[in-house]
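The values are calculated or read from the model by the stated rules, or taken from the named source; none is laboratory data. Everything numeric here is computed off the predicted structure, so don't read it as measured data. Glycine gets a Cβ as well: all are built from the backbone with ideal geometry, and neighbour counts include every protein chain shown. Accessible surface is based on the protein model in full, side chains and every heavy atom, while ligands, DNA and RNA are left aside. Shrake-Rupley method; radii C 1.70, N 1.55, O 1.52, S 1.80 Å.
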Amino acid sequence: MAIILPKLREKEVLLTAYTNRLVSYMLQLTILPTAQSAGNYDFAGKTAVVIDVLRATSVITTALANGAISVFPAGSIDDAWAEHRRNNNEGLVCGEKDAVKIQEFHLGNSPLEFTPEKVGGKKLVLLTSNGTHAIRACSKADRILILSFLNLEAVSAVLQQMNGQVVVVCSGTNGNFSLDDGLCAGMLANRIRSNTSTWCDLSQVLALFAAAEGHNPEEALSQSYHVNYLKDKGFGEDVSYCLRTGVFNFVPVWKDGLIESGEFRTQ
């Protein structure tokens, strides 16, 4: 026994070290419920993934897919026009307040407006009620990825190849949790489960919801506040568009203040 026990302890130490090393090469997943909750979060050394399904991250992804050069997420109307002036008044200033296009802006926040004819070859400035603020709140992160249902598969594939701490920020609606963002976050969590070592409680709850309802996002969200708010405002077509999955095969990335199509693409 005096000989066997040390060998067993040695194997136990080696197994523990191997397990710890394996965990270090996996993702640790945290989901935040609103843009406001991201304001006081420490993003240093982490990867941030921002979701605003209805509609900012869907707009950003669509605009870049249709040929826009970049998207600057503005923090205010003054900030938006200042960036436009830095671009020599070229490009487009886009965005909404209370879901409706800001009067003096070129485009609103409907992804259906961001056609190749309108945005191709242009630098865009975007200001929205929730999504652009969520992106800016993550500015200290090592990288910021833009997620919507439209590019869910691409983001999932990219995260499967990463390790470290990933913080998914649901932008929410005016300071409140929004179920459309939550469903997208839960579907992402389920897709990267095999590469994830730890989940926060919210991740687990949203993953369970997504497993039960993610097969049909539009039906699952039919009674949710934000979906019906936009429909009441006349944006029902936007809702249907934004709730489609697997449309685009790339991941927009925020770098040096601008969101571009990035180096992350899938087949």
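Below is a table of values for the structure above.
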read-out	value
The chain: relative contact order as a whole-number percent, Cα under 8 Å and 6+ apart	30 percent
Cβ-based charge dipole, the chain, positive-most Cα from GLN161, ALA212, GLY262	GLN161
Accessible surface of ILE31 - all protein chains present, 1.4 Å probe, nearest 10 Å²	10 Å²
The chain, dipole about Cα centre (Lys/Arg Cβ +1, Asp/Glu Cβ -1), debye to the nearest 20	840 debye
Stokes-Einstein D in µm²/s, Kirkwood radius over Cα pairs - the chain at 4 °C with 1.567 mPa s viscosity	68 µm²/s
Accessible area of segment 95-190 belonging to carbon and sulfur atoms, whole % at 1.4 Å probe	44 percent
Spatial separation of Cα centroids for segment 97-133 and segment 206-225, in angstrom	27 Å
Residue-normalised accessible area of the chain, given per residue in Å² at a 1.4 Å probe	47 Å²
Residues of type lysines that LYS140 reaches as a straight line, Cα spacing below 22 Å, ignoring anything fewer than 8 places off in the same chain	LYS46, LYS255
